[in-house]
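Structure first, commentary second.
Read the figures in this text as sums done on the coordinates, not as results from a lab. Because the structure is a prediction, the values reported are computed rather than measured. Note: ideal-geometry Cβ built from the backbone for every residue, glycine included; neighbour counts use all protein chains shown.
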Amino acid sequence: MLETKKFSPPKQRAFDARFEAQKIAFGPVVFHCVRYACKRGMLQALAEAGAHGLTLDELEATGRWTRYAIKLVLESCLSAGVVLLEGGRWQLDKVGFCLISDDITRINFDFVHDVCYQGLFELERSLDAGKPLGLSHLGAWPTLYEGMAELPEPAKSSWFAFDHHYSDTSFPDILPDVFATAPRRVMDIGANTGKFSRAALAHDTRVELHLVDLPQQLAVADRHLVDAGLRERATLHPRDLLDPAVALPAGMDLVWMSQFLSCFGEAQIASIFERVVASLSEQGQVLVMDTFWDRQRYDIAAYCLINTSPYFTAMASGNSKVYESGDYIRLAEAAGLRLLTVRDGIGYCHSLLRFARA
């Protein structure tokens with residue numbers, strides 16, 4: 001059995017429970033008030049004022065906000081612990097400093113607002129239908145993946161900032177794992193913009209990469225490979241892996257899937273694993289890197305990952321989520337693979353599963 005650190009939500013004292021429930025009820029209201037204070041520079045103005053803070057008159061005198069807006073927004077921020085009010089002077093609290101200075105907080109905030117917020121209104125219908133019905137707020141695609149290259153701004157920038165911030169911290173750390181068995185033919189399934197493939201090609205001048213993704217995604221990867229001078233050792237395989245009849249190129253020494261399987265429901269993951277097994281060379285292996293909420297060292301990471309799952313429901317595919325590691329292992333073993341190793345603590349919150357044929 002794999003040892004996992006189970007996420008433990010905070011235990012509230014009995015007399016706090018009702019207050020915590022109200023935080024949930026008014027959460028969307030607080031979100032938008034805090035966002036206004038961030039986006040319009042109120043929190044930054046308080047940060048620059050330091051411990052001395054600013055009065056309501058001083059804030060209004062800047063001419064940047066109306067007195068009404070200042071009072072309404074900062075009072076909401078006060079209720080959320082973002083700011084302090086002492087002796088008539090507004091000051092930035094620790095939560096406020098995180099909001100304006102912590103990269104991952106800013107990236108999560110923008111992702112939720114720009115990509116998810118409007119579409120999450122359709123979460124109930126999406127869960128019932130098994131389709132991403134909130135995606136219509138961004139475009140008319142069956143899933144977000146068909147429309148990735150055409151996402152409107154600011155959703156497009158916020159999505160890629162969210163995706164790359166998590167994955168970019170992991171790629172430098174995993175290249176020794178990728179080349180531990182000296183593979184010569186590597187398949188990158190779900191290649192997206194080709195970021196991993198470019199890193200792998202640059203790391204080992206003898207390896208050839210086979211990129212698998214939707215045609216519109218591979219068109220972006222193609223441009224990036226050309227720009228990097230690495231296109232010669234890369235082969236592009238346009239595939240819609242939602243079609244279970246679509247086969248993968250064979251004879252692969254290593255199959256790489258990073259933050260890919262979480263885009264699918266369990267039945268689709270099972271089908272992908274079966275086709276991956278068929279694509280392997282005799283001694284070929286499979287590396288799966290993903291963010292598993294049950295393998296996180298810190299509860300804050302598990303909290304963020306668990307609450308990313310509704311994005312997959314309402315906006316991305318309608319039937320996928322951030323999984324527990326045991327879900328992937330079970331589906332891989334059913335397809336004819338066996339787990340060799342697990343490595344946690346990669347980048348911010350990734351784990352790496354290594355499989356071989358059973």
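Classify the range 210-249 as rounded, prolate or oblate from the Cα gyration tensor: take a ≥ b ≥ c as the square roots of its eigenvalues, call it rounded if a/c is under 1.5, otherwise prolate when a/b beats b/c and oblate if not.
On the way: a/c = 5.27, a/b = 2.06, b/c = 2.56.
Oblate.
Using r as the Cβ-Cβ distance of L85 and Y303, and R0 as 25 Å, what FRET efficiency do you calculate, to the nearest 0.05? Walk me through the intermediate numbers first.
On the way: r = 28 Å, r/R0 = 1.12.
About 0.35, to the nearest 0.05.
Report the Cα centroid-to-centroid distance between the range 304-337 and the range 47-115 in angstrom, as an integer.
When both Cα centres are located, 36 Å separates them.
I'd like the chymotrypsin sites (Phe, Trp or Tyr not before Pro) in the range 254-326 restricted to DSSP loop residues with at most 12 other Cβ atoms within 10 Å, sorted by number. Display every interim value, and only then the final one.
Working: sites: W256, F260, F264, F273, F292, W293, Y298, Y303, Y311, F312, Y323; in loops: F260, F264, F292, Y298, Y323.
Sites meeting the loop and neighbour criteria: Y298.
For the chain, modelled as a Gaussian network with Cα springs under 10 Å, which listed residue fluctuates most, D344, D16, D204?
Checking each option, the largest mean-square fluctuation is seen for D16.
Select one label from [x] 165; [y] 147; [z] 128: the one whose number is volume of the Cα convex hull per residue in Å³ as derived from the coordinates shown.
Matching entry in [x] 165; [y] 147; [z] 128: [x].
If I fit a long axis through the Cα atoms of helix 155-168 and take the longest principal axis of the Cα atoms of the chain, what angle between them do I get, 0 to 90°, rounded to 10?
That works out to roughly 60 degrees.
Ordered by residue, what ³J(HN,Hα) values in Hz, to whole numbers, does the range 38-51 give under the Karplus form 6.51 cos²θ - 1.76 cosθ + 1.60, where θ = phi - 60° and Gly and Pro are x?
For the range 38-51, the Karplus-derived couplings read 6, 5, 8, x, 4, 5, 5, 4, 5, 4, 5, 6, x, 5 Hz, x marking Gly and Pro.
Using a Förster distance of 35 angstrom, determine the FRET efficiency expected from the C-beta separation of R206 and R343, and round it to 0.05. The partial results should precede the final answer.
Values: r = 24 Å, r/R0 = 0.70.
Once rounded, the FRET efficiency stands at 0.90.
For a quick check of your reading of the filter: which trypsin sites (Lys or Arg not before Pro) in the range 153-216 sit in a DSSP loop and have no more than 15 other Cβ atoms within 10 Å? Walk me through the numbers before you get to the answer.
Working: sites: K156, R184, R185, K195, R198, R206; in loops: R184, R206.
Sparse-neighbourhood loop trypsin sites (Lys or Arg not before Pro): R184, R206.
Could you compute the FRET efficiency for F179 and A334, with r as their C-beta to C-beta distance and R0 at 35 Å, rounded to 0.05?
0.80
Using Cα springs under 10 Å in a Gaussian network model of the chain, which residue among D57, D253, D294 shows the largest mean-square fluctuation?
It is D57.
What pairs from K94/K156; K23/K94; K23/K131 go past 22 Å between their alpha carbons?
Details: K94/K156 30 Å; K23/K94 19 Å; K23/K131 29 Å.
Over 22 Å apart, Cα to Cα: K94/K156; K23/K131.
In whole percent, what relative contact order does the chain give with Cα contacts below 8 Å and a gap of six or more residues? Intermediate values should be presented prior to the final figure.
Numbers: 562 pairs, mean separation 58.5, N = 358.
After rounding, I find 16 percent.
I'd like the antiparallel share, as a percent to the nearest 5, of DSSP beta bridges with both residues in the chain.
Antiparallel bridges make up about 50 percent of those DSSP assigns within the chain.
Quick one: among A234, A316, A37, which has the greatest mean-square fluctuation in a GNM of the chain with alpha-carbon springs under 10 angstrom?
Looking only at A234, A316, A37, the biggest GNM fluctuation is shown by A37.
For the range 272-278, just list the computed ³J(HN,Hα) in residue order, Karplus coefficients 6.51, -1.76 and 1.60, θ = phi - 60°, integers in Hz, with x standing in for Gly and Pro.
Each residue of the range 272-278 in turn: 5, 4, 4, 6, 5, 4, 5 Hz.
Mark the label point 7 Å from the Cα of E58 along Cα→Cβ and return the residues of the range 18-44 whose backbone N is within less than 15 Å of it.
42-44
At a Cα cut-off below 16 Å, give the aspartates and glutamates reachable from K71, other chains included and same-chain residues fewer than 8 away excluded.
Straight-line reach from K71, under 16 Å: D57, E58, E60, E86.
Give the distance, in whole Å, between the Cα centre of the range 184-205 and the Cα centre of the range 239-264.
Computed from Cα coordinates, the inter-centre distance equals 14 Å.
What length, rounded to one decimal in nm, is gained on full extension from S136 through to A51, with 0.36 nm per residue of separation minus their alpha-carbon distance? Don't skip to the end; give the middle numbers.
Working: separation 85, 0.36 × 85 = 30.60 nm, distance 4.53 nm.
Contour length minus Cα-Cα distance gives 26.1 nm.
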